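**Q** Sending over a structure as structure tokens; questions will come in a sec.
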Amino acid sequence: MIRQGTALEEECRFKNFVINGERVAKVSTTKGEFTADHYVIAAGAWSPQLTRQLSLKLPVQAGKGYSITMSRPAICPEIPCYLYEKSVVAVPWKSGYRLGGTMEFSGFNSTIVAQRLQNLKNVAREYLRDPVGEPVLEEQVGMRPMIYDDLPVIDYTPFHSNLVVAAGHGMTGISMAPSTGKLVAEMIVGHSPHLDPSPFSIKRFR
Ligand SMILES: Cc1cc2nc3c(=O)[nH]c(=O)nc-3n(C[C@H](O)[C@H](O)[C@H](O)COP(=O)(O)OP(=O)(O)OC[C@H]3O[C@@H](n4cnc5c(N)ncnc54)[C@H](O)[C@@H]3O)c2cc1C
């Protein structure tokens with residue numbers, strides 16, 4: 001798919017980098033090789049699998065989160081509610097309603113532990129008058145890219161001059177996506193950054 005000058009390759013798995021001195025020359029994928037002036041590793045919790053070949057220290061690990069999507073309950077919150085003490089979020093929209101939360105460090109797996117879903121409902125019952133909608137439409141898990149200091153890495157890699165990492169956005173990667181994309185673009189084209197990038201340096205893990 002090509003839109004606004006951007007080509008998206010779907011179902012395309014990264015295999016390895018082809019390195020030429022201090023630069024990435026191309027990437028090899030399940031859909032062939034691709035060349036570019038600059039490359040960005042933005043593979044969320046999977047990013048360390050892409051940097052392994054480069055011996056790059058990137059301490060991102062998967063923090064599994066759970067969500068239940070339901071029809072709206074009869075008495076539904078009007079705005080998203082963070083049930084703060086229990087770290088559960090209730091999100092309403094026009095035609096649906098979702099409870100989300102939980103942080104499970106169990107590696108990469110899509111196993112759904114029923115008790116964790118039940119906990120989301122139990123917590124909602126403590127805070128909301130009508131906490132659960134019917135029917136349940138989807139029960140889902142997702143991998144958050146967690147770093148122990150809770151800051152992402154948005155930086156050029158130290159040994160390859162045309163390779164940027166943008167990963168490790170933890171629990172707020174959707175909120176941080178526009179700013180991260182802007183910062184990466186500024187780094188690549190050489191514009192002054194719209195925010196101080198130093199807290200996001202990869203060098204903090206050396
Ligand atoms: C239950 C739950 C609730 C959340 N709620 C919020 C919220 O309210 N607000 C918020 O801001 N954030 C929220 N998050 C966190 C947010 O989803 C993440 O921070 C965000 O998705 C990270 O974005 P990313 O692009 O870095 O990684 P991802 O979104 O994980 O994308 C990485 C992509 O890389 C692909 N990939 C991996 N390996 C390869 C490979 N070898 N080759 C090709 N592609 C590869 C993956 O398939 C994936 O598509 C929530 C997460 C969960 C689990």
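Taken together, the values in this text are just the output of simple stated rules run on the coordinates, not laboratory data. These numbers come from a predicted model, not from an experiment. Methodologically, a virtual Cβ is constructed for each residue, glycine included, from the backbone with ideal geometry; neighbour enumeration extends over all protein chains shown.
**Q** Enumerate the calculated ³J(HN,Hα) couplings along region 138-145 in order (Karplus 6.51 cos²θ - 1.76 cosθ + 1.60, θ = phi - 60°), each rounded to whole Hz, writing x wherever the residue is Gly or Pro.
**A** 7, 10, 9, 10, x, 9, 7, x
**Q** So what's the convex hull volume per residue for the Cα atoms of region 61-146, in Å³?
**A** Enclosed volume per residue, from the Cα hull, is 93 Å³.
**Q** For a footprinting-style exposure proxy, rank Ile147, Ile188 by other Cβ within 10 Å, fewest first.
**A** Ile188, Ile147
**Q** Also, I was wondering about something else. Across region 49-54, in residue order, what do the Karplus-derived ³J(HN,Hα) couplings come to in whole Hz, using 6.51 cos²θ - 1.76 cosθ + 1.60 with θ = phi - 60° and x for Gly and Pro?
**A** Karplus-based 3J(HN,Hα) across region 49-54 equals 5, 7, 8, 4, 4, 8 Hz.
**Q** Strictly greater than 25 Å: what percent of every Cα pair in region 63-206 meets that?
**A** Details: 4388 of 10296 pairs.
Distances greater than 25 Å cover 43 percent of the Cα pairs.
**Q** Okay, helix-only estimate at 222 nm for the chain: each DSSP H run of n ≥ 4 adds -39500 (n - 2.57), divide by all residues, round to 500 deg cm²/dmol; what do you get? The partial results should precede the final answer.
**A** Details: 3 runs with 36 residues, N = 206.
Calculated mean residue ellipticity at 222 nm is -5500 deg cm²/dmol.
**Q** Quick check: the angle from helix 173-189's long axis to the longest principal axis of the chain, C-alpha only, nearest 10 degrees?
**A** 10 degrees
**Q** Next question. Are there GluC sites (Glu not before Pro) in region 56-112 that DSSP puts in a loop and that have at most 15 other Cβ atoms within 10 Å, and which ones?
**A** Details: sites: Glu78, Glu85, Glu104; in loops: Glu78.
The qualifying sites are Glu78.
**Q** Using only Cα atoms and rounding to the nearest 10 degrees, what angle (0 to 90) does helix 114-127 make with the longest principal axis of the chain?
**A** 60 degrees
**Q** So what J values fall out for region 3-17 if you push phi through Karplus, 6.51 cos²θ - 1.76 cosθ + 1.60 with θ = phi - 60°, rounded to Hz, Gly and Pro as x?
**A** 9, 6, x, 10, 9, 10, 9, 8, 6, 10, 8, 5, 10, 6, 8
**Q** Arrange the following residues from fewest to most other Cβ atoms within 10 Å of their Cβ: Leu56, Leu120. Present the calculation step by step, with values, prior to reporting the outcome.
**A** On the way: Leu56 20, Leu120 25.
So the ranking, lowest neighbour count to highest, is Leu56, Leu120.
**Q** For Asn162, list long-range residues whose amide hydrogen, built 1.01 Å from N in the peptide plane, is under 5 Å from its own amide hydrogen.
**A** Val24
**Q** Same structure again: Taking the Cα centre of the chain as origin, sum charge times position over the Cβ atoms of Lys and Arg (+1) and Asp and Glu (-1), and report the length of that vector in debye to the nearest 20.
**A** 280 debye
**Q** About its Cα centre, how strong a charge dipole does region 61-146 have in debye, to the nearest 20, once Lys and Arg get +1 and Asp and Glu get -1 at the Cβ? Don't skip to the end; give the middle numbers.
**A** Values: 10 positive and 8 negative charges, 14 e Å.
The dipole magnitude comes to about 60 debye.
**Q** Based on alpha-carbon centroids, what's the gap between region 1-52 and region 112-136 in Å, whole number please?
**A** 40 Å
**Q** Based on other C-beta atoms within 10 Å, arrange Lys26, Lys203 from fewest to most.
**A** In increasing order of surrounding Cβ atoms, one gets Lys203, Lys26.
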